[in-house]
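Enquirer: Mind having a look at this structure? Questions to follow.
Just so you know, all these numbers are worked out from the coordinates, no wet-lab data involved. This one's a predicted model, so the numbers in the text were calculated from it and none came from an experiment. No Cβ is skipped: glycine too gets one built from the backbone with ideal geometry, and neighbour counts run over all protein chains shown.
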Amino acid sequence: MAKTPGGEEAKPKVADILSSFLQRYRTHVFVAFAVVIIGGIGAIVFFEVQSRRAEEALVRIEAAKEQYEQWQGADDETRSELEPELFAELEAIRERFSGTYGALRARYIEASIHYEAERYEEALFAFVQLADHYSDAHLAPRALLYAGFAAEELGQFGRAEELFRQIVESYGEESMEAPRALFGLARVYEAGERFEEAAEAYDQLLEDYTGSPWSDMARNRLIVLRAQERI
């Protein structure tokens, strides 16, 4: 190590230390730098591809939505003719754009077609599957709601109760479907002649969702139940 004029050892400069380090580990530094650059470029490319994928999914699902609306306005014979092509497109969207909003909408339209065509077994399965796959999506509580309606149509009141309760307990005030689900739960109780439980559900609806159209209906049901001396 170099010495000062006074005979003391001079402290190495930072630039010298850095230069020595780079000379000694230049290969490692180059590799690390290259990895960072390549990783950054890869991330940019990935997000760009994902963005374009999501955009393409939206374009496809909007076109499928138009087909669905055409199906809704058609007679039974025309519906039968339109369904195969529509279902094929919805399935293609689900498979190609899995994880996107377009895939979510495709599942919802499929389930809705079954429900509107009064194929309640298929609708129940499809709506529940959607809610399971996309539990955090805004359509999840609505899917559970229509799954509950489908279960009612099938006479599966225990299953309907589970589904309506799931909406109330899992989504609560965060979902616009909660008051409707609570009303549906009360009606299931009534169907099973569990009138006290029905009254409790109606009371909860009045307390938690004051001003909702469903609270007005709950109030009317309470009046009827009292008039019939069931509560």
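Enquirer: Would you order ARG60, ARG226 from fewest to most other beta-carbon atoms within 10 Å of each residue's own beta-carbon? Intermediate values should be presented prior to the final figure.
Expert: On the way: ARG60 21, ARG226 11.
The most exposed by this proxy come first: ARG226, ARG60.
Enquirer: Sorted by mean Cβ packing within 10 Å, highest first, what order do the peptides 77-87, 114-124 take?
Expert: Details: 77-87: 13.4, 114-124: 17.6.
Packing order, densest peptide first, comes out as 114-124, 77-87.
Enquirer: Roughly what would the spin-label model give for GLU229 and GLU173, points 7 Å off Cα along C-beta, in nm?
Expert: Each label point is offset 7 Å from its Cα along the Cβ direction, giving 4.0 nm.
Enquirer: Read phi for every residue in the range 63-74 and hand back ³J(HN,Hα) as whole Hz from Karplus 6.51 cos²θ - 1.76 cosθ + 1.60, θ = phi - 60°, with x for Gly and Pro.
Expert: These are the phi-based 3J(HN,Hα) values: 5, 5, 4, 5, 4, 5, 5, 5, 4, 4, x, 8 Hz.
Enquirer: Once phi is turned into ³J(HN,Hα) by the Karplus curve 6.51 cos²θ - 1.76 cosθ + 1.60 with θ = phi - 60°, what whole-Hz value does each residue of the range 185-200 show in order, with x for glycine and proline?
Expert: My calculation for the range 185-200 gives 4, 4, 5, 5, 4, 4, 4, x, 6, 9, 5, 5, 5, 4, 4, 4 Hz in order.
Enquirer: Return the sequence-ordered ³J(HN,Hα) values of the range 85-100 in whole Hz as given by the Karplus equation 6.51 cos²θ - 1.76 cosθ + 1.60 applied to θ = phi - 60°, using x for Gly and Pro.
Expert: Result, rounded to whole Hz: 5, 5, 5, 4, 5, 5, 5, 4, 5, 4, 6, 7, 10, 3, x, 9.
Enquirer: On the first, second and third principal axes, largest extent first, how far apart are the outermost C-alpha atoms of the range 118-160 in Å?
Expert: 28, 17, 12
Enquirer: Please state, as a whole number in µm²/s, the translational diffusion coefficient that the Stokes-Einstein equation yields for the range 119-231 at 4 °C and 1.567 mPa s, with Rh defined as the Kirkwood radius across alpha carbon pairs. Before the final figure, lay out each step's value.
Expert: Working: Rh = 14.1 Å.
In µm²/s, the coefficient rounds to 92.
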